[in-house]
Amino acid sequence: MPKDTGIGAAPKRREDVRFLTGTGQYSDDISLVNQASAVFARSNVANGVIKSIDTTAAAAMPGVLAIFTGEDFVEVGGNPAGWLINSRDGEPMKEPKRPVLAHGKVRHVGDAYAAVIAETVEQAKDAVEAIEADIEELPAVINMKDALAGSNYVHDEIETNQCFDWGWIEDNRAATDEAIKNAHHVTTLDLVNNRLVPNAMEPRCSMANYNAAMNEYTLYTTSQNPHLTRLLISAFVLGIPENKLTVIAPDVGGGFGSKIYHYGEEALVLAAAKKLKRPVKWTSDRTEAFLTDAHGRDHVTTIELAMDKEGNFLAFRTETMANVGAYLSNFSTATPTFLHGTLMAGNYTVPLVYVNVKAVFTNTAPVDAYRGAGRPEATYSIERVIDKAAREIGMDPIELRRKNFVKPDQYPFGSAAGLEYDSGNYDALMDKMEDVADLAGFDARRAASEAKGLLRGRGVNAYIEACGIAPSNLVGILGSRVGLYDASTVRVNATGNISVMVGAHSHGQGHETAFPQIVAELLGVDAASVDIVHGDTSKIPFGMGTYGSRSLAVCGSAIVRATEKIIVKAKKIAAHMLEITDSEVEFNDGVFSAVGTNKTVSFGDVALKAYIPHDFPIDAIEPGLEETAFYDPANFTYPSGAYCCEVEVDPETGKVTVERMTAVDDFGNIVNPMIVTGQVHGGLGQGIGQALLENTVYDETGQLLNASYMDYTMPRADDLPFYAVDHSQGTACTHNPLGVKGCGEAGAIGSPPTVVNAVIDALQSGGNNVTHIDMPVSPLNVWTAIQNA
Amino acid sequence: MTKVTMTVNGKAVSGTVEGRTLLTSFLREDLHLTGTHVGCDTSQCGACVVHVNGKAVKSCTMFAIEADGAEVSTIEGQANEDGSLNAIQAAFQEHHGLQCGFCTPGMVMTAASLLKENPKPTVDEVRNHLEGNLCRCTGYHNIIKAIMAASGQDVSAIAAE
C-alpha cells in the first residue's frame, strides 16, 4: 500500500483544484433552462397577526408568474422537531406547527408570509414590494425570563412560552441539592452563552425542478444531509414520495450546523416548480441569512460547583434557560438537552450532576445546533465555574482540574451525567499542553507585557465532548425520531477503480481526500483510484449526513464495513481463480496469494473477473463486486482536550488580544493530520469569535440590530492569532473499527472558556476584582468591568 | 438596457445589462463565470473580488456598465497557461488554505493583488490586507501561511500541526 495515501498520510486535498480555479459547483452556480426566481416577503415585525395579504397589484407586475401565501400550504404538513423531549413531570414538549409560509401570525422578523415567483430575481423583488400585507403588530416576546413570566405569547396555544422543563438526571435532583447544601465550599456563577449566527460564507440556496412526465422532483439545495432533507419533506411536509424526490447538495460553502435543517424555502420552490412546470431558484441574501438561518447557543445559566475541603468535586448543579426562538428547528430540542446535559460531568469524577433546562419560545429566529451544539455550552459553564472555584479556594486551576480528572485506569467510565466514556487520558493532554504552550515561560512573557503597560493572563481548559452521534437505540431512548447510523456502498468497477458512495456530506471537511485513504489502506490500492460520491440521494444508498463530528466515526466506519465485505467477496473470486479454497487465500497489499505457494492474483485481476465471470460457479459466487454497509455505532465517541490561551489586555481601552492559543486534542486515531489540524483551526477561530467578538442582538421589539457584516463582528484575519495544535496524545476509540473520535467541533468547544479564563486572569493580575465577564469580552465589556471592579 | 463590452480573462466579451446590474451578476449570470461568489450584500465579505484594470475590486460594489471597456480578471483566469495552479493557488493547496472553498476565489484574487503591490509582506501586512475578506472555515492560519509561502518566504516557523 502506498504509504503516502493511506491512513495517517496527509495527501493534498483533491477538491482544492476546482475550488482554486473557480470551477466548483455550488447550488447558486447551477442554472437550468427556463428557470424562474423566487423571492420571499418577510415580516418586518417580530410578532403580529396577519389580517390580510393583498397580492393583486404584485401579481400584475412585469414578469410575475405566481404568488404563494400561507393559505396555499394550510393543507400540507409542518417542519418537525427531530427530538421529542419530555418535561420533568412527564409532559411531552410543546411542538407548534412550523408551516412552509406563516399563516395567521408572523412570529419573528424575517418570518416569510409570501413568495413571488418571477422571470428574474429583480422582477420578483419588485413584486414583493408591491404585496400589501396588513399585519397588526403585537408586543414582542424577546427576553426569556419575561417570556416565562409574561402575558404575551409566541404561540397562542402555549400560554407559558415554555417548550419543556427538562431535568437530567432527575433521580439525582434531591441528592445533588443535598450535596450542595452540605458542601464545604460552593462556587456559583451566573453566565450567558451568547447567541451566535453561524455565518457559513455561502448563503442558503434552493432550486427545484419538476418533471411532469415522470412526476419526479429534483431539489438542489445547500444541505449537510440531503437524505434527511428528503425524508423530512416526504414524511412530514409535502408528502412527495421519497422515490419521486431527488435531493442534491452539490458543493456546499460551509454549514456549521445551519445547513443540517430543512427550511421552508426548500418546500416552497418544490411547490412552485410543480405549479409552474419550470425550475424555480431561490438564493438567500446575507440579510435573509442573518434573519432566518438557525442561530446557535443563547443560554442563560446559573451553575454551582460543590467541593469538599480538599477540592474534590461533589456536585454540579445547573439551571439553564435555552432560547429556541419562534419555531422548533429540527435539532433544537436535542441541543440544549441531550447534547448539553449529558456532558455536564466534564472530564471529572464528580459523583452527582443535575441539570434543569427550560426551553423558551421567543419572537426571534429559531435556534439550533451550531458548531459544537450543546457541548460548548456545557464546557463553558463547567470550565468557567471551575476557574472561579480555583480562585476562591486558592488552588492552581490546573491542579484543581487534575485532582478531579477521570484517570486512565478508570475506563470505561460511567459519568455522573449518564454517559460511558470509553477512552482518554486527560493528564497526558494537560502535560502536553503545558509543554506546547510553554507555561514555564509565562512569567517572563507576563513581565514583558507589563513593561508595555499591558496585563497578561493565562487561561486553561479541559473539555470532553460526545461525538459520532450515535447509537440509534440510545438516541431512540433519548427521544430522537430518527436513527443515527450511516451508510456506504463500495463499488469496485471492472477496470479496478473504485467508487465509494457515502451518506456523509463534505462541505469543507475534505471527505473526497480523507475517505479514499481508508479504502486505499484496506485494499492496498492507490487512493487516487478511489473516488467519493456524496450529496445526491439518487446516487448514494442512504445517510444521516454530516454534523456532530460524525462523518469519519460513523460514515467512515460504514466504509470500513463495506470494504471488509468487498475483501470477503474478492477472496472467494481469488480462490476460484487460484483453484484453492477460500480459507487458503491470503490478502496483503492488494495481492491475493495461495498460502504456502507463489501463486498470486492482483486486486485488479479479481475486479475484472468479477464482471467477466465466464467460468464462475454461479451457485457459489455472484458476479459483480459491490457491497453496502449500514453502520450503527455502539456508543458516542469522546474526544477530549486541554487548551491554553494567553491574552494581553489594555487596561486603558479594554481591548483584548489573543497572543497565544494552544489546543491539544485527543481525537483517537488520525486519518489525515493536515485536515484534522485545519478543522481545529476553524473551530478555534469560531470559538475566539464567540469569546471576543460575536453577539446577536435583538432589541425589545424584536428587531435584529446586527443583521449584516457591517454590524455583526465576524472574526477577520487581523483579529486572530496563529494557533499551536497538537494531536499526539490520542487514545483510540474502543468501539469503532478506525479508532477515531471526530475533530470538527473541538476548537469551538474548547476555546471560549479558555479565552475568558485568560481575560479574568489578566484583570486579576492587575489587581482588578473581576470574576466574570459575559461574552463577547469586548473592549466595552472589559473596560466597564474594570471601572466597576 | 445598455450594451457593455470588456475584456475578461483576456477574451473580449459583451452583453446587454440593466443600469442596476452589478459586475458580479454580469460575470456570473451572463458570462457563466460562477467562480466569483456572492457572500454578502454590504461589500464586506470579499468572496466577489476580481481585478479591474489590475486593481482588486469587490465586484458586488461595481455596476457592470462601470466596467465597460475595462480589463477584468477573475479566478477562472488565474491558472497557468498549461492549466496548472499558479503559485498562489498552489500555495493554498499545499498549506491547506481552504476548506469549503467559497471564500477562496476572493482570497486568491486579494492575495494576488497584495503580492503585486508588496512582494514580501510581513505576517501583519497580510492579515491587515485581508481585512476585507471573510473566511469562516480556516481561522485564517493556513491562509496567512499560504500567502506568505506564495511570496517565497520561509513559513517553517509557522506551526503546521
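The values are calculated or read from the model by the stated rules, or taken from the named source; none is laboratory data. Just so it is clear, the model here is predicted, and its values are computed rather than measured. Every residue, glycine as well, gets a Cβ built from its backbone with ideal geometry; the counts of neighbours run over all protein chains shown.
Points worth noting:
- Elements of type strands (runs of 3 or more DSSP E) contained in the stretch A:172-279, each with 3 or more residues being within 14 Å of chain B (Cβ to nearest Cβ) and without any contact (Cβ under 8 Å) to a residue 12 or more places away in the chain: none
- Scanning the stretch A:750-765 turns up no residue that is assigned to a strand (DSSP E or B) and not assigned by TED's automatic domain parsing to the domain that holds A:Ala378.
- Scanning the stretch A:723-749 for residues that are under 22 Å from the mean Cα position of the chain (by Cα), of a type in the set (A, V, I, L, M) and assigned to a loop (DSSP other than H, G, I, E, B) gives a single hit, A:Leu738.
- Total residues in the stretch A:123-147 satisfying the condition of being under 34 Å from the mean Cα position of the chain (by Cα) and either closer than 25 Å to A:Val76 by Cβ or among the acidic types (Asp, Glu) (or both): the figure is 3.
- Residue ranges of strands (runs of 3 or more DSSP E) in the stretch A:1-103 with at least 1 members within 14 Å of another protein chain (Cβ to nearest Cβ), touching a Lys or Arg at 6+ places or on another chain (Cβ under 7 Å) and of a type outside the set (A, V, I, L, M, F, W, C): A:36-42
- Here A:Val606 fulfils each of the conditions (1) closer than 25 Å to A:Gly6 by Cβ; (2) among the hydrophobic types (A, V, I, L, M, F, W, C); (3) at pLDDT below 95 apart from (3).
- Just one of the listed residues (A:Ala326, A:Ala345, A:Ala322) is in the same structural domain as A:Pro376 (by TED's automatic domain parsing), under 15 Å from A:Ile85 (Cα atoms) and hydrophobic (A, V, I, L, M, F, W, C), namely A:Ala322.
- Among the conditions (1) within 11 Å of chain A (Cβ to nearest Cβ); (2) touching a residue at least 60 places away in the same chain (Cβ under 8 Å); (3) more than 25 Å from A:Ala717 (Cβ to Cβ), the only one that B:Thr21 does not satisfy is (2).
- Any chance A:Gly668 is at the interface with chain B (Cβ under 8 Å from one of its Cβ atoms) and in contact with a helix residue (DSSP H, G or I) (Cβ under 9 Å, 6 or more places away or on another chain): no
- Candidates in the stretch B:92-122 are the residues that are among the aliphatic types (A, V, I, L, M) and buried (at least 24 other Cβ atoms within 10 Å of the Cβ); of these, the one that is nearest to A:Asp16 (Cα to Cα) is B:Leu98.
- Taken over the stretch B:63-80, the criterion of being more than 15 Å from the chain's Cα centre (by Cα) and more than 13 Å from chain A (Cβ to nearest Cβ) is satisfied by B:Phe63, B:Ala64, B:Ile65, B:Glu66, B:Ala67, B:Asp68, B:Gly69, B:Ala70.
- When A:Glu288, A:Glu310, A:Glu304 are checked against the criterion of being surrounded by fewer than 24 Cβ atoms within 10 Å (Cβ to Cβ) and assigned to a helix (DSSP H, G or I), a single residue qualifies: A:Glu288.
- Single residue of A:Leu352, A:Leu343 found to be over 27 Å from A:Asp146 (Cβ atoms) and surrounded by fewer than 24 Cβ atoms within 10 Å (Cβ to Cβ): A:Leu352
- Within the stretch B:66-103, being closer than 14 Å to B:Lys145 by Cα and either assigned by TED's automatic domain parsing to the domain that holds B:Ser14 or not acidic (Asp, Glu) (or both) holds for B:Ala87, B:Ile88, B:Gln89, B:Ala90, B:Ala91, B:Phe92, B:Gln93, B:His95, B:His96, B:Gly97, B:Leu98.
- With respect to being away from every other protein chain (no Cβ under 14 Å), assigned to a loop (DSSP other than H, G, I, E, B) and in contact with a Leu (Cβ under 7 Å, 6 or more places away or on another chain), A:Gly654 fits the description.
- Subset of the stretch A:291-301 [outside any strand (DSSP E or B) and not hydroxyl-bearing (Ser, Thr, Tyr)]: A:Leu291, A:Asp293, A:Ala294, A:Arg297, A:Asp298
- Looking only at the stretch A:673-722, and only at residues there that are among the β-branched types (Val, Ile, Thr) and outside any helix (DSSP H, G or I), the one that is nearest to the other protein chains (Cβ to nearest Cβ): A:Thr713
- Checked against (1) over 17 Å from B:Val57 (Cα atoms); (2) among the β-branched types (Val, Ile, Thr); (3) within 11 Å of the chain's Cα centre (by Cα), B:Ile144 passes all but a single condition, namely (3).
- When restricted to residues that are acidic (Asp, Glu) and either in contact with a Ser or Thr (Cβ under 9 Å, 6 or more places away or on another chain) or closer than 16 Å to A:Glu157 by Cβ (or both), the stretch A:61-110 contains 2.
- Residue in the stretch A:444-460 that is in contact with a Gly (Cβ under 7 Å, 6 or more places away or on another chain) and either of a type in the set (Val, Ile, Thr) or at pLDDT 95 or above (or both) present: yes
Residues checked against (1) in a loop (DSSP other than H, G, I, E, B); (2) within 22 Å of A:Asn669 (Cα to Cα):
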residue: A:Gln517; (1), (2): no, yes
residue: A:Glu564; (1), (2): no, yes
residue: A:Ala575; (1), (2): no, no
residue: A:Val601; (1), (2): no, no
residue: A:Ala607; (1), (2): no, no
residue: A:Pro613; (1), (2): yes, no
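- Some residue of the stretch B:41-56 being of a type in the set (S, T, N, Q), farther than 17 Å from A:Asp285 by Cβ and at pLDDT 95 or above: yes
- Residue check for A:Ser557: hydroxyl-bearing (Ser, Thr, Tyr), crowded, with 24+ Cβ neighbours inside 10 Å and either in the same structural domain as A:Pro623 (by TED's automatic domain parsing) or at pLDDT 95 or above (or both): yes
- Screening A:Glu122 on (1) of a type outside the set (Gly, Ala, Ser); (2) in a loop (DSSP other than H, G, I, E, B); (3) without any contact (Cβ under 8 Å) to a residue 24 or more places away in the chain shows it passes everything except condition (2).
- Restricting the stretch B:102-129 to residues that are touching a residue at least 40 places away in the same chain (Cβ under 8 Å) and either under 11 Å from B:Ala47 (Cβ atoms) or of a type in the set (Val, Ile, Thr) (or both), the residue that is nearest to the other protein chains (Cβ to nearest Cβ): B:Phe102
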